[in-house]
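What follows is one structure encoded as structure tokens, with my remarks underneath.
The values are calculated or read from the model by the stated rules, or taken from the named source; none is laboratory data. What you see is a predicted model; the values in this text were computed from it and never measured. Backbone-built Cβ (ideal geometry, glycine too); neighbour counts: all protein chains shown.
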Ligand code: SDX
């Protein structure tokens, strides 16, 4: 524990108070301002919590200036190169990489939990065929506590672990069911003989129906490898908006399915996980390379609401390391699948011109994880409105890991930010006939 402190002095009253600077293993210190209101009768003002450490965590570390991303201390580049997604999900949940036996048992447990209650399938009948898959995901995940209420004691460590692995196991099944419902195809059951990524692609695209298991599964290993990478890169990202939402909802003691459903809802926004869908829609709107300068000008014009989807980041003021990895995989997947995707070529032109533009250089706006991921999802034949669902499948491992970590805290204060009130002062009520 360091003795460094922050001295704050009120310039009118002259009162001073010292606040401990808490030191992290990596990254900036955090000033412990919890007694600020008692000492000075004021709050700290930080809309969007952009400089507020909302918790202590050991899971993920980001250095936005250096473009560094660590999961439990391991650089994302090494995990992306060497791991299967289940290894990373285990690492995020448990803090250490699994050995062979632990990974085998974890894979078995996750596969075992992939099946969903038959009554849950009926939920999908209530959705219109053209319902957005994210709307279906929020609704169905939020209802899981209606089916699995026996192990919901959030004070019980084993119950918490079961809920976490259940979420990781069932998310691909619910996601694939959302897609199958939207195209009017029968649902496909998860299979114990396929790994996590193969299972998802099989449930999405198999020609089989729920009545029989398709003995063949048409899954290209290149596409499975690309999906495995995308899931690893999207698995966690510190206290982003959706993870912070999961923690905030968890601080009320709500059940983990409600917490994850809240995280899915937060992820849906186009400024967050919805950006990958927004990138493809933006590229389709730009259409051809000749239009790129016009759209870059629109993105720079503050009177124009248009922003470059997939560019900029709240934390990274350098390249998002995930974007660098995905960009390389984009090339591999498109080349291997001999897909000449004009949208990828257009994305390269847009990236090149934006990165040369003074506005983007000065504001340190670089492509983020969402800029290229949509192009790979498109190469995997994932429909655009499923892109954020893909993000949610991967991020479930991060959400449940942060939820587990927050539940281990001896005392979690319920999340309750204050405000700077600018409304009317106290005034007398006026009856309607006198207004
Ligand atoms: C994700 O938090 C996470 O970790 C998220 C995530 C994760 O893994 O969980 O990494 C996933 O959400 C990635 C981000 C996906 N979103 C997008 O790609 C949407 C487009 N990007 C932006 O809307 C924006 O960059 C944000 C929301 C991502 C970040 O916004 P900030 O940090 O609040 O930055 P800002 O809005 O204050 O912008 C600073 C300046 C502004 O100009 P000025 O008012 O200072 O003149 O940069 C401009 C902005 O107008 N700007 C952009 C821009 N992003 C910021 N201008 C044009 N195009 C953009 N994309």
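Taking helices (runs of 4 or more DSSP H) as the structural unit, those lying wholly within segment 128-244 and holding at least 2 residues that are within 16 Å of the ligand (Cβ to nearest atom), at negative phi and touching a helix residue (DSSP H, G or I) at 6+ places or on another chain (Cβ under 9 Å) correspond to 221-233.
Exactly one residue out of 344, 391, 360 is under 19 Å from the mean Cα position of the chain (by Cα) and surrounded by 13 or more Cβ atoms within 10 Å (Cβ to Cβ): that is 391. None of 56, 66 is over 19 Å from residue 242 (Cα atoms) and either part of a loop (DSSP other than H, G, I, E, B) or at pLDDT 95 or above (or both) except 66. Against the list (1) within 11 Å of the ligand (Cβ to nearest atom); (2) touching a residue at least 40 places away in the same chain (Cβ under 8 Å); (3) within 27 Å of residue 47 (Cα to Cα), the condition residue 318 fails is (1).
For residue 293, the conditions (1) assigned to a helix (DSSP H, G or I); (2) within 14 Å of the ligand (Cβ to nearest atom); (3) surrounded by fewer than 21 Cβ atoms within 10 Å (Cβ to Cβ); (4) more than 19 Å from the chain's Cα centre (by Cα) are fulfilled apart from (2). Between 364, 378, the distinction of being modelled with pLDDT under 95 and over 25 Å from residue 340 (Cβ atoms) belongs to 364 only. The residues of segment 90-125 that are touching a helix residue (DSSP H, G or I) at 6+ places or on another chain (Cβ under 6 Å), within 24 Å of residue 188 (Cα to Cα) and in a helix (DSSP H, G or I), listed by number, are 106, 107, 109, 110, 123, 124. Residues in segment 299-315 that are more than 9 Å from the ligand (Cβ to nearest atom) and part of a helix (DSSP H, G or I): there are none.
Taken residue by residue, segment 350-369 has no member that is touching a residue at least 40 places away in the same chain (Cβ under 8 Å), touching a strand residue (DSSP E or B) at 6+ places or on another chain (Cβ under 9 Å) and away from the ligand (no atom under 13 Å from the Cβ). Considering the conditions (1) touching a helix residue (DSSP H, G or I) at 6+ places or on another chain (Cβ under 6 Å); (2) surrounded by fewer than 24 Cβ atoms within 10 Å (Cβ to Cβ); (3) not in a helix (DSSP H, G or I), residue 269 is excluded by exactly one of them, (1).
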